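Participant: Here you go, one structure.
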Amino acid sequence: MRVNGVVHAAPSDTRRLLSDHLRHDLGLTGTHVGCEHGVCGCCTVLLDGAPVRSCLMLAVQAEGHEVTTIEGLAADGAPLHPVQQAFHECHGLQCGFCTPGFVMSVVGLLAQHPNPTAEQVDEGISGNLCRCTGYASIRRAVVRAAELSKK
Amino acid sequence: MKPPPFEYHAPATVDEACTLLASLEDAKVLAGGQSLVPLLNFRLARPAHLIDINRIAGLDGIYERDGGVAIQALARQAAVEDSDLVARICPLLSAAVRLVAHRVIRNRGTVCGSLAHADPASELPAVLLALGGHVVARSTRGERHIEAEGLFQGVMETAIAPDELLVEAWFPASSQPFAIVEESRRHGDFALAGVVRAADRLALFGVAPTPVLADPRDPLKGLQPSGDLEATPAFRLQLVRVLTEKAFAA
């Protein structure tokens, strides 16, 4: 499988979840693990460009596919990805635990709806939980991300 | 978290998958995994063998058949949601699939998987029942159609035999008027109760061990929903009454 453009072998242990593979085998700890049953959205990554829950996939299933994690959005020292920049500008994070999942979901949302309506914004982030309850600023960040993505 | 030990199989064809299902004891089919993997993670399911059908090419079709729309085993819910064909032939299915969890889940989850999983509170089994659709089950013994009315047998139990693979679901064209209305605590959660209207047919979900057909003039007849932390039986009955009114007001 390719992870952030780099080819890696799939783990030999077939019951390794993709989330655990990314974190423990590849050291990509930006993908967070919360509920591990698909509810919280913290572990969201892109699979061939579409957001999916990495805790609900076996790592072997990603063989032959392209996985993008939060680390793959912008290289160290490079300008932030528009969605990251928007979360930064709009204070779309407090403790930051849910943030990688939100950012990956929003990247997927904007790919599907480059100019999301308020309803599409709410629908797009409804699968991610923020325990700091910073949803108002996260909503603003999504709108800002749509603006920044066009520049 | 780690699923319990299992032997992993990734067949490349439907025939290979059927051969595996026929020869292995205690095997489970893995499609989108959005219901099965949580069960594995919690170790509520401990199958000896996992048959991952995601490597089977050409099993993700959505096509017109016999005046309805056929959805193959690997067609993701998101693809069904975005399908112009489904929107044209069976807009009820387009509306229903949007109520299934969240888009990120629908990017992996499959329509056929929801039917085979048969959670009593899920939308798609009730839609298949309201419309009078069927599923196509394949095994080394051959292929058969299972009508929706005989498919759902209990909580997460279907008439699909252990050696059969659900390869396709068929939804008849949804004639006007149609509606799907549900009540859940949060958007995307399982419904506390829900109703599907297809013309003059009514199916209920979340209020019995399986989705059930009901008389629109007396939807509560014979209904004995269970109670839990989220809703008492009386509240579920009240929801069915109100949601049915809403569905038939349209």
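Read-outs: derived from the displayed coordinates by stated rules, not from any lab. Worth saying up front: this structure is predicted, and the values here are computed from it rather than measured. No Cβ is skipped: glycine too gets one built from the backbone with ideal geometry, and neighbour counts run over all protein chains shown.
Participant: Find the eigenvalues of the gyration tensor of the Cα atoms of chain B, then list the square roots of 5 times those eigenvalues as equivalent ellipsoid semi-axes, largest first, in whole angstrom.
Facilitator: 30, 21, 16
Participant: What is the extension gain from B:ALA249 to B:PHE42, computed as 0.36 nm multiplied by their sequence separation minus the C-alpha to C-alpha distance, in nm to one decimal?
Facilitator: My answer for the length gained is 70.3 nm.
Participant: Could you identify which residue out of B:LEU93, B:LEU44, B:LEU59 has the top mean-square fluctuation in a GNM of chain B using Cα springs shorter than 10 Å?
Facilitator: Looking only at B:LEU93, B:LEU44, B:LEU59, the biggest GNM fluctuation is shown by B:LEU44.
Participant: What residues of the range B:156-191 lie in the reach of a label at B:GLU143, counting those whose backbone N is under 13 Å from a point 7 Å from the Cα along Cα→Cβ?
Facilitator: Answer for the range B:156-191: B:165-170.
Participant: Based on the Kirkwood radius over alpha-carbon pairs, what value in µm²/s does the Stokes-Einstein equation return for the translational diffusion coefficient of the protein assembly as shown at 37 °C and 0.692 mPa s?
Facilitator: Stokes-Einstein gives a translational diffusion coefficient of 150 µm²/s.
Participant: Can you compute the helix-only [θ] at 222 nm over the protein assembly as shown? Use -39500 (n - 2.57) per DSSP H run of at least 4 residues, normalise by all residues, nearest 500 deg cm²/dmol.
Facilitator: So the helix-based figure for the protein assembly as shown works out to -8500 deg cm²/dmol.
Participant: Which ³J(HN,Hα) values, rounded to whole Hz and listed in residue order, are derived for the range B:182-198 from phi using the Karplus coefficients 6.51, -1.76 and 1.60 in 6.51 cos²θ - 1.76 cosθ + 1.60 with θ = phi - 60°, glycine and proline given as x?
Facilitator: So the J values, rounded to whole Hz, are 9, 10, 9, 5, 10, 3, x, 6, 4, 6, 6, 6, x, 10, 10, 10, 10.
Participant: Run the numbers on chain B and let me know its relative contact order in percent, using alpha-carbon pairs under 8 Å that are six or more apart.
Facilitator: Once divided by the residue count of chain B, the mean separation gives 17 percent.
Participant: How high is the FRET efficiency between A:ARG2 and A:GLU89 when r is their beta carbon distance and R₀ equals 25 Å, given to the nearest 0.05?
Facilitator: Efficiency, from the Cβ-Cβ distance: 0.20.
Participant: Under the 0.36 nm per residue contour assumption, what length would be gained going from the current alpha-carbon distance of B:ALA22 and B:ALA199 to full extension?
Facilitator: Length gained, B:ALA22 through B:ALA199: 59.7 nm.
Participant: Just check the range B:133-202 against the gyration tensor rule for me: Cα atoms, a ≥ b ≥ c as the square roots of the eigenvalues, rounded for a/c under 1.5, and otherwise prolate or oblate depending on whether a/b exceeds b/c.
Facilitator: Note, shape of the range B:133-202 comes out oblate.
Participant: Could you list A:VAL60, B:VAL104 so that the one with the fewest beta carbons within 10 Å of its beta carbon is first and the one with the most is last?
Facilitator: A:VAL60, B:VAL104
Participant: What percent do you get for the relative contact order of the range B:62-172 when only Cα pairs under 8 Å and 6+ apart count?
Facilitator: 30 percent
Participant: At what distance in nm do the modelled label points of B:VAL242 and B:ALA159 sit from each other, each positioned 7 Å from its Cα along Cα→Cβ?
Facilitator: My value for the distance between the label points is 3.6 nm.
Participant: What are the radius of gyration and Dmax of the range A:2-72, computed over its Cα atoms and given in Å?
Facilitator: Expressed in Å, the Cα Rg and Dmax of the range A:2-72 come to 10.6, 29.
Participant: So, counting K/R as plus one and D/E as minus one, what does the shell of residues with Cβ under 13 Å around B:ILE56 add up to?
Facilitator: Around B:ILE56, the charge tally is -3.
Participant: Gain in length, A:ASP25 to A:THR117, computed as 0.36 nm per residue apart minus the alpha-carbon separation, to one decimal in nm?
Facilitator: Separation in residues times 0.36 nm, less the Cα-Cα distance, equals 29.2 nm.
Participant: Moving on to the next point. Just how large is the dipole of the range B:68-176 about the Cα centre, in debye to the nearest 20, putting +1 at every Lys and Arg Cβ and -1 at every Asp and Glu Cβ?
Facilitator: The dipole magnitude comes to about 300 debye.
Participant: Still on this structure, please answer the following. How many nm is it between the label spots at B:LEU85 and B:ARG65, if each spot is 7 Å from the Cα in line with the beta carbon?
Facilitator: 1.0 nm
Participant: Then there's this: Please report the relative contact order for the range A:89-151, taking Cα pairs under 8 Å with a sequence separation of at least 6, and give it as a percent rounded to a whole number.
Facilitator: Dividing the mean separation by the residue count of the range A:89-151 yields 53 percent.
Participant: Let me ask something additional. Provide the descending list of Cα extents for the range B:7-52 along its principal axes, expressed in whole angstroms.
Facilitator: 30, 20, 12
Participant: Compute the Rg to Rh ratio over the range A:60-151 from the alpha carbon atoms, using the Kirkwood formula for Rh, and round to two decimal places.
Facilitator: 0.97
Participant: Percentage of Cα-Cα pair distances in the range A:1-135 greater than 18 Å, rounded to whole percent?
Facilitator: 52 percent
Participant: Follow-up question, since we're still on this one. Compute the helix-to-body angle for B:233-249: its Cα long axis versus the longest principal axis of chain B, expressed 0 to 90° and rounded to tens.
Facilitator: 80 degrees
Participant: In terms of modelled amide H atoms, which long-range or inter-chain residues lie less than 5 Å from the amide H of A:ARG16?
Facilitator: Under 5 Å from the amide H of A:ARG16 lie the amide H atoms of A:ALA59, each far enough along the sequence or on another chain.
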